[in-house]
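Every number in this text was worked out from the coordinates using simple rules, so none of it is lab data. The model shown is predicted, which means the values in this text are computed figures rather than measured ones. Don't worry about glycine lacking a Cβ; one is built from the backbone with ideal geometry, like all the others, and counts go over all protein chains shown.
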Amino acid sequence: MSIWSRLSTELRTAGRAAQGAIDEGKVRLELFRVGQQCDKAAQALGYAVHRARREGRDLEAPLMERLDGELTAREAELKRLEAELAASLGGTPGTPDAATTGTPPESSPHRPNDQPLQ
């Protein structure tokens, strides 16, 4: 094998490895972002329930359904991304740690109102 063909083969191999690392990084970044959105959705729901209970009333059904639906959608996206990451790493999806899903709940920023998330 000539030196040029060996060099070409090595460069292709390095290129595939680099592309794999870039793709994994994109999934991890998206996983982090969706994890933060999931935290925000849970906070919005929690704040709405807290305010309603503090005021001695039930949370309105449409608001509860909207906030719960938003949280459910974010959780589904989180699971999909976890499975995608596990598949790309050749493992099985498991329980993610705080480093891959975003900030832990105790350090999440407060969300003072139940405005829709963007």
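Observations on the model:
- The residue of region 19-36 that is nearest to the chain's Cα centre (by Cα), among those that are within 15 Å of Ala87 (Cα to Cα) and surrounded by 12 or more Cβ atoms within 10 Å (Cβ to Cβ), is Leu31.
- For Val49: the one exception among (1) touching a residue at least 24 places away in the same chain (Cβ under 8 Å); (2) surrounded by 14 or more Cβ atoms within 10 Å (Cβ to Cβ): (1)
- For beta carbons closer than 6 Å, sequence separation of 6+ or different chains, a first residue in region 1-22 that is closer than 27 Å to Leu89 by Cα and a second that is surrounded by 10 or more Cβ atoms within 10 Å (Cβ to Cβ) and hydroxyl-bearing (Ser, Thr, Tyr), there are no qualifying pairs.
- Listed by first and then second residue, the pairs with beta-carbon distance under 6 Å, at least 6 apart or on different chains, first residue in region 52-70 and farther than 19 Å from Cys38 by Cβ, second among the hydrophobic types (A, V, I, L, M, F, W, C) and part of a loop (DSSP other than H, G, I, E, B), are Ala52/Leu59.
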